[in-house]
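The values are calculated or read from the model by the stated rules, or taken from the named source; none is laboratory data. This one's a predicted model, so the numbers in the text were calculated from it and none came from an experiment. Backbone-built Cβ (ideal geometry, glycine too); neighbour counts: all protein chains shown. Only protein heavy atoms, including side chains, enter the accessible area calculation; ligands, DNA and RNA are left aside. Shrake-Rupley method; radii C 1.70, N 1.55, O 1.52, S 1.80 Å.
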Amino acid sequence: MNLKIPRSYKLILSLALVAGPFTWLVLTEDGQRRSDLFLLQVTGHPSFNIAYDHLNQHVTQSDFETLFPKVRFQCEARETAFGERVCAAEIASFNGMPARTVRLYYRGDLLTSMHLNYRERYHELLEASLRNGLGDPLQPVGAGVLLWRLPEGVVMLAAAPPETPGDAALLWLSPGMAVRYGAT
C-alpha cells in the first residue's frame, strides 16, 4: 500500500492555500473592506465604534474623550448652524466601515450633532448595516435622504451614493436640531 501523496496534489493544495485568501481579499467586497480597515489601522488612525442609542443630547465632550481615548479630537470654538464648538478627528473606521473623519458639534457642553465622513464606495454596505440595526428608514418626500428616527434624535444618510468623492456623510441630529431642520 502506497501512502505517499503525489507531488502534483501537494502543489495544487499549496497554490490553493496561497491563492484562496488572496482571491477573497482582492475580489470580494467583504475582503476589500477588511483589507481597507487593516491598512487604515496601520496608518495610525483609530476606530470610532459607537452604538447609535448612545448618541443623545446629554452626552458631553468629556464623555467622548473617556469613551474614545485613542481618538485625537481637535476642538475649536466656532459658531455653526449645529453649535458653537466643533471637535473633529481623523478616524480609520466607524462601526466596521472605512471612514475618514468625524465631527462632533456642541452647544454649551452638550452634543447637538455628529457628522461622519465615510468612504463612498461603502455606501450600500453602510445603508444595509443601518437597515439591519435600526430597521427600515422613513423617507422625507423629495429629499433623497434616508431617515431613521431614534429615541434620542435622528440618523440621516443620502438615499444614493454621492457623486463627488469625499462627500459621503452620515449625520446624527439631536431632537432639538432635528426639529430645527425639519428632520422629524
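A few remarks follow.
- Sparse-neighbourhood loop sites, trypsin sites (Lys or Arg not before Pro) in region 76-116 - DSSP loop, at most 13 other Cβ within 10 angstrom: Arg78
- Near the amide H of Val145, within less than 5 Å, lie the amide hydrogens of Ala159, all on another chain or at least 5 residues away, with H placed in the peptide plane.
- Solvent exposure of Tyr9, expressed as accessible area, is near 130 Å², computed with a probe of 1.4 Å over the protein chains only.
- Area of Cys75 that stays accessible when all protein chains are in place (1.4 Å probe, Å², to 10): 50
- Spin-label pair Gln74/Thr164, simplified geometry with 7 Å Cα→Cβ offset, distance in nm: 2.1
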